[in-house]
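So the structure is just underneath, and the comments pick up after that.
The values are calculated or read from the model by the stated rules, or taken from the named source; none is laboratory data. Owing to the predicted nature of the structure, the values given are computational and were not obtained by experimental measurement. Glycine gets a Cβ as well: all are built from the backbone with ideal geometry, and neighbour counts include every protein chain shown.
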Amino acid sequence: QYSLRIVTLFLSQDCFSMVNISWYGGASVHARILSWMSRFWTLMKTPLTSKKLSTYGIDGQQQYSLRIVTLFLSQDCFSMVNISWYGGASVHAPNWPINDANISMQPFTVSDLRDNPSGFGSVLERYFLGSSGVSVLVAPNIPLHVGMESRQQFCLQTPPSMERMPLQYTVCVGHNIRAVHQESMQQLSTARRELPNMDVLRLPFWKLLANVDSGAKLERELRTFSNRLKRHHLGEGVISLDEHSTALLASMDHSYLNSKKRTSKRQTRDLPFVKLLNISITLSPYLSVDSQQFQTSIQEGIEDYWLSLPSGPQGRPVPLLTQWKGKYSVKLNITNPEATNWFLDKVDSLHSHLGMEYVILEGGEGNPFEEQALRPPLAWVGDEYIRLLADLAGRIGENTIVTSGTRSRHKALFIRMSALQSDWSYSGLKGIILSLLHHSLLGYNFFIPDAVGGSLSAELVADDELFVRWLGIAAFLPVISFQTPPWVLNLTRLYIAKHHDFVIPLILKYAEEWQETGNPIYRPLWWLSPNDPITFTIDDEFLIGNEVLVAPVTEKGALQRDIYLPESDFQWQDTNNAQVFDGGTFLESYPVGLGDVAVFVRWRS
């Protein structure tokens, strides 16, 4: 007689078919719920089995001994009925407030929404704000799962474990939503807030779409595009290269060295035309396993440059294989000082060859350990990688741009928003304002939006009306970003000038206020009317500071829209026609032409 003991942790599950077979007996299945100080401890006692049991038998009979394992989880839920909630994380199709979100319970960590559209996106904080004047701040050092049931509740939960892990959070209560948010921001971080390089505001970013396979061809594309910008008098800007284009230029220099090193004393090849351009390059902490650099690291025994698993008590680490942009890759171990120094040397080398002004550092999203159902080392639990990558970005310099953020809103960095679809949906144009409000509320005020018209499909925008309405919104954001080619020339020049003359001075003014107080630069309407329920659900208007209200058109074919002006103690003046309106009122079917954006300045009577 054999005794088979099965111990499976973390809610493993096996199923047995009841088709054409009758089942009897079995262990009882029950759950016991205990409440203590508003914590919900769920003790799940479940008989667990193995899918390979049928391979064991004695004389046609099978006998098993099952051990029941008790798993603990702690869960609290917060009602969304009659209260609007904000904060948390970016999502694929954002909501403002988040009440309409419907998200299954999952780890509350940043993922790449292109690979995981149902997950949590690029900007995430353990902070939720309610319109009744309440906020929830979850402790940063505990494993956390979050789920949302549309218009019903959102829930915080610790992952199932054999040990009781407390669900630690703080609840703040104030006399209104603005007051409690201001207090919560002080609780979230005591670090000194630093301004990034504000010169970034003054230059539009031009994404270069270059479908080429060599550095020489890319140089020609850069020359053609630069000349085109000059010919159309679109002013100075930053030509933004993706990771593939960056690699082409880097390999071009490498190829030159290999071919010339025996016949020339030069140690580098300058790219004089590229150096004359104002470019940004894109890097990531990933390295293809097919690259010579990775092979060299294995040969030299420096596997610990990459996130790795131990092969045994005395064995060498085994780099953890993952995928990045369709290629099998390894990811930089940024807790290893030698690995980070190697990466910084790589950036310095590229700067000497290319003379780039800006570095976009992408790829912080995701956790390769958790994605492969591996228990990560303590240093890599949750989103710790993103936080450390922000530190590394700060070491690169003040002109570094990141693509994800958590617990780094105080750092002197710009953050690039996620790519959007080229349509009128909440995954496209309608999502711009919602993302803007979400980023600013969580403290990420200095962001670079997606290219005008959306870049998720990597194709040029075919809808002229969509491009024009998108451009109207982008002109009021910190930076205007384009994807080649935006040749709606007169309107493009007009909005670039408006951004430079009207918007940038406002951002600079309220950036100082953010640095001193933590108040966001871009604000929802409830910031001025925190006791007005009408303002809690308006998702197509926003404030710059306390003095400018922007109400773009976000519906296809519309030449008018309803506009709500908050704060009954003030009046608002339309900057287009100088009309003055009382605050606290609706402007129904207000005309807004195709080339216009409704903009009001607060005017004290």
- Message: Among the residues in the stretch 297-315, are any small (Gly, Ala, Ser), more than 21 Å from residue 367 (Cβ to Cβ) and not in a loop (DSSP other than H, G, I, E, B)?
- Response: yes
- Query: Quick one: would you say residue 450 is surrounded by 15 or more Cβ atoms within 10 Å (Cβ to Cβ) and of a type in the set (Asp, Glu)?
  - Reply: yes
- Condition check for residue 515: within 26 Å of residue 196 (Cα to Cα) and in contact with an Asp or Glu (Cβ under 8 Å, 6 or more places away or on another chain): yes
- What pairs can you find where one residue is in the stretch 411-437 and assigned by TED's automatic domain parsing to the domain that holds residue 91 and surrounded by fewer than 24 Cβ atoms within 10 Å (Cβ to Cβ), the other is of a type in the set (Phe, Trp, Tyr) and modelled with pLDDT of 95 or more, and their Cβ atoms are less than 7 Å apart, with a gap of 6+ or different chains? none
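A quick yes/no check of all residues on (1) part of a loop (DSSP other than H, G, I, E, B); (2) surrounded by fewer than 23 Cβ atoms within 10 Å (Cβ to Cβ); (3) touching an Asp or Glu at 6+ places or on another chain (Cβ under 7 Å):
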site	(1), (2), (3)
353	no, yes, yes
360	no, no, no
373	yes, yes, no
376	yes, yes, yes
388	no, yes, no
- Message: When the residues of the stretch 210-219 are narrowed to those that are closer than 15 Å to residue 240 by Cα and out of contact with any helix residue (DSSP H, G or I) (no Cβ under 6 Å at 6 or more places or on another chain), which ends up modelled with the lowest pLDDT?
- Response: 211
- For the stretch 504-523, state whether one or more residues are charged (D, E, K, R), within 23 Å of the chain's Cα centre (by Cα), crowded, with 20+ Cβ neighbours inside 10 Å and modelled with pLDDT of 95 or more. yes
- Message: Just to be sure before I move on: is residue 505 of a type outside the set (A, V, I, L, M) and either farther than 30 Å from residue 411 by Cβ or in a helix (DSSP H, G or I) (or both) in the structure I sent?
- Response: yes
- Query: What are the pairs, 6+ residues apart or on separate chains, where a residue within the stretch 276-296 that is at negative phi has its Cβ under 7 Å from a residue that is among the basic types (Lys, Arg)?
  - Reply: 285/331; 286/331; 288/327
- Message: Are there strands (runs of 3 or more DSSP E) fully within the stretch 129-200 with at least 2 residues that are surrounded by fewer than 18 Cβ atoms within 10 Å (Cβ to Cβ) and touching a residue at least 24 places away in the same chain (Cβ under 8 Å)? List them.
- Response: 153-157, 169-173
- Message: Suppose we filter the stretch 416-465 for residues that are among the acidic types (Asp, Glu) and under 16 Å from the mean Cα position of the chain (by Cα); how many remain?
- Response: 1
- Within the stretch 413-433, residues more than 20 Å from residue 126 (Cβ to Cβ) and of a type outside the set (Gly, Ala, Ser) come out as 414, 416, 417, 420, 421, 423, 424, 426, 429, 430, 432, 433
- Query: Is the stretch 154-172 home to any residue that is within 25 Å of residue 92 (Cα to Cα), assigned by TED's automatic domain parsing to the domain that holds residue 80 and modelled with pLDDT under 95?
  - Reply: yes
- Task: Please indicate, with yes or no, whether at least one residue in the stretch 425-437 is in a loop (DSSP other than H, G, I, E, B), within 18 Å of residue 333 (Cα to Cα) and among the polar types (S, T, N, Q).
- Result: no
- Task: Mind listing just one residue for me: the one in the stretch 392-409 that is more than 16 Å from the chain's Cα centre (by Cα), part of a helix (DSSP H, G or I) and touching a residue at least 24 places away in the same chain (Cβ under 8 Å) and, of those, farthest from residue 187 (Cα to Cα)?
- Result: 396
- Qualifying position, being farther than 23 Å from residue 439 by Cα, surrounded by 16 or more Cβ atoms within 10 Å (Cβ to Cβ) and not aromatic (Phe, Trp, Tyr), among 571, 483, 560: 571
- Residue in the stretch 202-221 that is nearest to residue 504 (Cα to Cα), counting only those that are touching a Gly at 6+ places or on another chain (Cβ under 8 Å) and not in a loop (DSSP other than H, G, I, E, B): 205
- Looking at (1) under 24 Å from the mean Cα position of the chain (by Cα); (2) surrounded by fewer than 21 Cβ atoms within 10 Å (Cβ to Cβ), which is the only condition residue 472 fails? (2)
- Task: For residue 549, indicate whether it is surrounded by fewer than 21 Cβ atoms within 10 Å (Cβ to Cβ), more than 28 Å from residue 242 (Cβ to Cβ) and among the hydrophobic types (A, V, I, L, M, F, W, C).
- Result: no
